[in-house]
Amino acid sequence: MYIAAIETATRAASVAVCDENKCTEITQDSRLTHSETLLPHFKQLLQMSNVTRDKIEAIAVSIGPGSFTGLRIGLASAKALAYAWNIQIIGVPTLMSLAYHFPFSTVMAMIDAQKNRAYVQIFKRLKSVTEIEILNIEDAVNKAESMKDEIIICGDVCHKIKSLPENVIIAPVNMRMPRATNVALCGRDLLADGKIDNVMNMEPMYIRRSEAEVLWEQRHSLIRN
């Protein structure tokens, strides 16, 4: 049986379908919005892989942290497919899925949190060794330097890192971004552990409030004062 996956936490939209022996993936980083590309790519994916929906037992979806709009689009699409196909749904933390690029290493997964900050979490052999933090990118690199292990940094902020300590490596460009294949593999492991979500009440993992919410609060505070 297959597990399908959706990844929309960053600017690159990605869909995949995997079984125990192979994965088929479509990833696109373009100016088109995720709402324009996601479902057409999913339809194309099933045709390319020759997988019919009756062979899909679950759908895994990246739940964040990441782009607020992207996460909402990905989760809404995954919920619609899970409900329509009557299959299980698994929410996959985006930073955890990034660690699946390097399953036997120590990984610092980083996703852009704006204003030169990143959502940061460290994994060792796919096991989390820190909680999710929001750190200045330079502070995150300093934290990586303090680790005794050789550590690989991956995520969509790699191009913003200016200098590296000796024990820190930047992931190659093809293994930096979140990908639906990783979401599927992580989702398969979570499914095996019985970690299944409820399609009716799943929510994205935002971690912080959106800039719109902050600005709204500031403006209304000024009005009240």
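The values are calculated or read from the model by the stated rules, or taken from the named source; none is laboratory data. What you are looking at is a predicted structure, and each value in this text was computed from that prediction instead of being measured. Methodologically, a virtual Cβ is constructed for each residue, glycine included, from the backbone with ideal geometry; neighbour enumeration extends over all protein chains shown.
Scan region 145-155 and give yes if some residue there is of a type outside the set (Ser, Thr, Tyr), under 20 Å from residue 74 (Cβ atoms) and at pLDDT 95 or above, otherwise no. Give the steps one after another, and end with the answer.
Within region 145-155, the first condition is being of a type outside the set (Ser, Thr, Tyr), and the residues that meet it are 145, 147-155.
Cutting the leftovers down to under 20 Å from residue 74 (Cβ atoms) gives us 154-155.
Then keep just the ones that are at pLDDT 95 or above; that gives 154-155.
Checked region 145-155: at least one residue is of a type outside the set (Ser, Thr, Tyr), under 20 Å from residue 74 (Cβ atoms) and at pLDDT 95 or above.
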>> Consider region 159-169. How many of its residues are out of contact with any helix residue (DSSP H, G or I) (no Cβ under 8 Å at 6 or more places or on another chain) and within 14 Å of residue 109 (Cβ to Cβ)?
In response: 1
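Right, residue 137: modelled with pLDDT of 95 or more and in contact with a Lys or Arg (Cβ under 7 Å, 6 or more places away or on another chain) or not?
Values: modelled with pLDDT of 95 or more: yes; in contact with a Lys or Arg (Cβ under 7 Å, 6 or more places away or on another chain): yes.
So residue 137 fits the description; yes.
When you scan region 99-161 for strands (runs of 3 or more DSSP E) that lie fully inside it, which ones turn up with 3 or more residues that are in contact (Cβ under 8 Å) with a residue 40 or more places away in the chain and aliphatic (A, V, I, L, M)?
Values: elements: 106-114, 117-124, 133-136, 151-155.
It comes to 106-114, 151-155.
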> With respect to residue 76, is the statement that it is small (Gly, Ala, Ser) and surrounded by fewer than 18 Cβ atoms within 10 Å (Cβ to Cβ) true?
Replying inline: yes
> Which ones in region 107-116 are of a type outside the set (A, V, I, L, M) and crowded, with 20+ Cβ neighbours inside 10 Å?
Replying inline: 112
